[in-house]
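Heads up: the structure comes next, in structure tokens.
No value in this document is a laboratory result; all are computed from the given coordinates. All figures in this text were calculated on a predicted structure; none of them were measured in a lab. Please note: Cβ atoms are built from the backbone with ideal geometry, for glycine as well, and neighbour counts cover all protein chains shown.
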Amino acid sequence: MTTPSLDKAPLGEPPPGKPIFGKIALIGIGLIGGSIALAARRAGLARTIVAATRRAETAETANQLKLVDHCGTDLAAACEDADLVIVCTPVGSCGEATRAIAPSLKPGCIVSDVGSVKQAVIDAMAPHLPAHVHFVPAHPVAGTENSGPTAGFAELFDGRWCILTPLPGSDAAATDKLEAFWRGLGSEVERLDPADHDRILAITSHLPHLIAYTIVGTADDLAGHLNSEVLRFAAGGFRDFTRIAASDPTMWRDVFLNNREAVLEVLARFQEDLFYLQRAIRWGEGDKLFDLFTRTREIRRALIHLHQA
Ligand code: NAP
């Protein structure tokens, strides 16, 4: 997906409509945090939206873009009196960010996240959270290859899935409220078990990124003049892979390290299937290639039918 023209009107008053939350605090204000802020403002889902991030320069950019009412670098201060706190940092930083905000979370506050991996994030965040808050993990299945506060846009979640992975003891009313919030941001919402989420995303998102990183890396390793010719004649397939391989290195390093088992499992399956194709090519078994390519073409058609292409 490419980023459409950015439309970041100054915040001002939220549009008419009943806000779901009084105050929302976003911890991390990059592509996802920034887009949540803009989409929540668009739909009037909160009276106040604040953010906090690690680096002062990121906070300054977020303030200049008027993504939120205020962005600072004190994570705990941002969460004071918040009704909803969403941790929007890379997966590997979710535990550390939660430890920092835990003392200032008010009773009844809903705490969520947007991590692309669920079980490892739950394991990292849950031990830090006080018993008086409601933890409902989430993952919006929407993104681009861009990152940082300038990458956010209000339409990012429109028509895309957001997967909630409530825990066995999660408060039903808090989960319903978070679901209503994500629907307000424009998403379709589904609930899944965290382990199922991680297995599904390993094949639909994590493996494709790994393949893209590999193909572009292999092309870059080609010796001498071939390297520049590859870039010069980059046609459809390779060009699409370079877009995926331009995704944020920190985010994707954390995804692979934190969804290790599921990724290694699908990678083993993938390698077997690749050997099958390798053999078919070597032995001139065109029917095997043709059959697979016919089946995969149908999958693309089904995606278009489901408006997910
Ligand atoms: P991003 O654009 O790189 O933004 C990350 C934000 O987190 C930045 O504001 C960064 O702040 C902040 N941050 C990093 N480490 C921090 C720490 N230790 N404490 C506080 N703030 C910290 O990343 P993103 O694309 O929005 O991704 C955020 C999360 O969403 C990740 O967990 C990712 O798995 C998930 N997600 C991403 C996508 C996608 O396509 N990008 C899609 C769905 C879900 P500084 O600049 O101040 O360091």
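Descriptive notes on the structure:
- Rounded to 10°, Cα long-axis angle of helix 286-305 versus longest principal axis of the chain: 20 degrees
- Remark: the Cα gyration tensor places the range 15-56 in the prolate category, a/c being 1.5 or greater and a/b exceeding b/c.
- Antiparallel %, DSSP beta bridges [both residues in the range 21-192], to 5: 10 percent
- Between residue 60 and residue 240, the contour length at 0.36 nm per residue exceeds the Cα-Cα span by 61.5 nm.
- Close amide H pairs (under 5 Å, H built 1.01 Å from N) link residue 161 with 141, 188, residues at least 5 positions away or on another chain.
- 3J(HN,Hα) from dihedral phi, the range 71-88, Karplus parametrisation 6.51/-1.76/1.60, rounded to Hz, x for glycine, proline: 10, x, 10, 9, 4, 5, 4, 4, 8, 4, 6, 6, 8, 9, 10, 10, 7, 10
- Lysines whose Cα lies under 27 Å from that of residue 23, excluding same-chain neighbours fewer than 8 positions away: 8, 66, 106, 118, 177
- Selected from 237, 143, 28 as most flexible by GNM, with the chain as the system and alpha-carbon contacts under 10 Å: 237
- Taking 45, 222, 129 as the candidate residues, the one with maximal mean-square fluctuation in a Gaussian network model of the chain, Cα springs under 10 Å, is 222.
- Listed residues 116, 309, 208: farthest to the positive end of the dipole of the chain (Cβ charges): 309
- Under 14 Å from residue 288, Cα to Cα: aspartates and glutamates that are on another chain or at least 8 residues apart: 273
- Its Cα centre serving as origin, the chain has a Cβ charge dipole (Lys and Arg +1, Asp and Glu -1) of approximately 420 debye.
- Simple label model, 7 Å out from Cα along Cβ direction - residue 183 to residue 273, nm: 3.4 nm
- Comparing 284, 95, 115 in a Gaussian network model of the chain, where Cα atoms under 10 Å apart are tied by springs, the biggest mean-square fluctuation is seen for 284.
- Overall form of the range 186-299 per C-alpha gyration tensor (a/c, 1.5; a/b vs b/c): oblate
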